[in-house]
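The values are calculated or read from the model by the stated rules, or taken from the named source; none is laboratory data. In this text, all values refer to a predicted model and were calculated from it rather than measured experimentally. So basically every Cβ, Gly included, is an ideal-geometry build from the backbone, and we count neighbours across all protein chains shown. These area figures cover heavy atoms from the full protein model, side chains too; ligands, DNA and RNA do not enter into them. Shrake-Rupley method; radii C 1.70, N 1.55, O 1.52, S 1.80 Å.
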Amino acid sequence: MAPQLTLQAPLELPPSEVPQYLNRLWSESLKDSSGAATFTLVVWEPSWLQQQLIRTGRIDGPISGLLSHELLEAARQAAAELGLPASTAPTAPQLAWTLGQQTGSHSAEDLRGQFVDRAISAHQPRRLITLAPTLEAGKGLETLVAAYCPLPEERGINADACGDVVVLRGGMGAMQQGLTMLQELIPADLPCWVWWNGSLDESPDLLQALAVPPRRLVVDSSIGEPRRCLDLLVQRIEQGQAVNDLNWLRLRTWRESLAMVFDPPSRQSALDQVVQLDIDVEGQHPVKGLLLAAWIADRLGWHLLNSYWIDEANADGRGIGAEFQRNDGQSVQFRLMPVPVGMSKLHPGALVGLRLICAPPDRSPLCVILCSESGGCMRLEAGGVASMELAEEVVPLPNESEEMEMARLLGGGHDSTNPLLASAAALAAKLLPS
């Protein structure tokens, strides 16, 4: 949590009184400060996993919405005890759902939204609104408000860097009821980001109401049914909305590593002679792998001819195959396969490895293998690659929280969708078979 000078401690108010109270707060009680002229951040923060782990007595509170080391360890242990596949990521919605079928009645203090994460507070949000749905579906709507400033030693004595915090807490029905009041709290003269920090499968009506253009939408396409995730990305981008995908951002080191492999002039021409692309992912969520394949295909000018399911016997799920056509008319074969892992990474569908085979006519074939760890390269090293020139790299994986990634977006502005993401999302949606 960022060091803060609290101007007005968290105060619980009837929902109907919140808009007028905040107006009075800045015009009367805090009349020496007009507040930061920056942006509004609206966060959907269900934290179902943390709530279920606490309810079943696997971890202690409070409910913070943060993915701590303790929470992730408890989640992985729960997945193993409940018989879920080893490739089940701790943030996968099916783990929270399975925990929801277990007995338990432990409770804890709910602190979601009451503090501003250090990485985000550095950008001085004018208003941070958190929607915190509870497991108790019938719980009524509760609203909390607070005002804060960065400490003088961090930001200098600058009252115009101050902001306020609003928390809406209650059951799912209460969240819907609070929408009208919430819309009044979003200043029309400031940019607004909507961070959907949960599954894209849940509450589509609420997402639709919150993330109306020109508000900037931030999602995570690794959380939710793959078709829903890709279709939502494509739909919002086609509508002209500024969309950011945390799952896409996590591909940054993979894209950089692949570009570095082909940076030497002696290898650059081989990019025009790719004949095969293989990608391995953890578990049954292919979106991240499809986005990477789509980025490669788009950058190299390939045209998609068809895609299909690969129904090989595989306990980790079906694979995906496709055929592309290069600009010279030659074929490129693509395969994405789910592979077994010892311990899953944080998010569903994490990349395990990538293999790109190039067949230049005037030299021996080139095989490029990238993997997230040295053990992940082993499967991709099979299949006759010993007769090829081999370039192999382990991709350094970032270890940053969602809040850090979100802070990077806030710092960069991004009032439009990254054109690389726009192109990749549209092609990835076509790559996923019906």
- Note on the structure: Residue pairs qualifying under the 7 Å Cβ cut-off, at least six apart or on distinct chains, with the first in the range 103-130 being touching a residue at least 60 places away in the same chain (Cβ under 8 Å) and the second being of a type in the set (Asp, Glu) and in a strand (DSSP E or B), are Arg127/Asp164
- Please enumerate the residues belonging to the range 231-245 that are buried (at least 20 other Cβ atoms within 10 Å of the Cβ), out of contact with any Lys or Arg (no Cβ under 9 Å at 6 or more places or on another chain) and among the hydrophobic types (A, V, I, L, M, F, W, C). Leu232, Leu233, Ile237
- Give me a count of the residues in the range 160-184 that are assigned to a helix (DSSP H, G or I) and aliphatic (A, V, I, L, M). 7
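Condition check: of a type in the set (Asp, Glu), closer than 17 Å to Thr253 by Cβ, out of contact with any strand residue (DSSP E or B) (no Cβ under 6 Å at 6 or more places or on another chain) and open to solvent by 20 Å² or more (accessible area, probe 1.4 Å). Does Glu400 satisfy that? Break it down into steps so the answer makes sense when it comes.
Values: of a type in the set (Asp, Glu): yes; closer than 17 Å to Thr253 by Cβ: yes; out of contact with any strand residue (DSSP E or B) (no Cβ under 6 Å at 6 or more places or on another chain): yes; open to solvent by 20 Å² or more (accessible area, probe 1.4 Å): yes.
Yes; evaluated as a whole, the condition is true for this residue.
Regarding the range 212-225, can at least one residue be identified that is among the polar types (S, T, N, Q), in contact (Cβ under 8 Å) with a residue 12 or more places away in the chain, over 17 Å from Glu400 (Cβ atoms) and touching a helix residue (DSSP H, G or I) at 6+ places or on another chain (Cβ under 6 Å)?
Scanning the range 212-225, I find at least one residue that is among the polar types (S, T, N, Q), in contact (Cβ under 8 Å) with a residue 12 or more places away in the chain, over 17 Å from Glu400 (Cβ atoms) and touching a helix residue (DSSP H, G or I) at 6+ places or on another chain (Cβ under 6 Å), so the answer is yes.
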- Item | Filter result (farther than 14 Å from Gln51 by Cα and surrounded by fewer than 21 Cβ atoms within 10 Å (Cβ to Cβ)) within the range 127-142 | Gly138, Lys139, Gly140, Leu141, Glu142
- Item | Condition met for Val165 (crowded, with 20+ Cβ neighbours inside 10 Å and either farther than 20 Å from Pro93 by Cβ or modelled with pLDDT under 95 (or both)) | yes
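How many residues does the range 185-223 contain that are in a loop (DSSP other than H, G, I, E, B) and within 14 Å of the chain's Cα centre (by Cα)? Break it down into steps so the answer makes sense when it comes.
Within the range 185-223, the subset in a loop (DSSP other than H, G, I, E, B) is 185-191, 197-203, 211-215, 220-223.
Checking the rest, the ones that are also within 14 Å of the chain's Cα centre (by Cα) come to 197-201, 220-223.
Matching residues across the range 185-223 total 9.
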- Tally, over the range 394-431, of residues that are outside any helix (DSSP H, G or I), under 27 Å from Arg228 (Cβ atoms) and touching a helix residue (DSSP H, G or I) at 6+ places or on another chain (Cβ under 7 Å): 3
- Single residue of the range 263-291 satisfying the filter (open to solvent by 10 Å² or more (accessible area, probe 1.4 Å) and within 21 Å of Pro419 (Cβ to Cβ)) that is modelled with the highest pLDDT: Lys288
- Note on the structure: Checked against (1) touching a residue at least 12 places away in the same chain (Cβ under 8 Å); (2) on the phi > 0 side of the Ramachandran plot; (3) open to solvent by 10 Å² or more (accessible area, probe 1.4 Å), Gly349 satisfies every condition except (3)
- Task: Collect the residues in the range 359-393 that are closer than 15 Å to Asp278 by Cβ and assigned to a helix (DSSP H, G or I), keeping them in residue-number order.
- Result: Gly376, Cys377, Arg379, Leu380, Glu381, Val385
- Inside the range 377-434, can you point out the residues that are charged (D, E, K, R), over 16 Å from Leu351 (Cα atoms) and modelled with pLDDT of 85 or more? Glu389, Glu402, Glu403, Glu405, Arg408, Lys430
- Residue identified as open to solvent by less than 40 Å² (accessible area, probe 1.4 Å), modelled with pLDDT under 95, β-branched (Val, Ile, Thr) and at negative phi among Val42, Val116: Val116
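Could you tell me whether the range 313-320 includes any residue that is farther than 27 Å from Pro93 by Cβ, modelled with pLDDT of 95 or more and either of a type in the set (A, V, I, L, M) or assigned to a strand (DSSP E or B) (or both)?
The initial filter retains those residues of the range 313-320 that are farther than 27 Å from Pro93 by Cβ, namely none.
Among the residues of the range 313-320, not one is farther than 27 Å from Pro93 by Cβ, modelled with pLDDT of 95 or more and either of a type in the set (A, V, I, L, M) or assigned to a strand (DSSP E or B) (or both), which makes the answer no.
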- Does Ser387 satisfy the criteria of being in contact with a Ser or Thr (Cβ under 9 Å, 6 or more places away or on another chain), surrounded by fewer than 21 Cβ atoms within 10 Å (Cβ to Cβ) and of a type in the set (Ser, Thr, Tyr)? yes
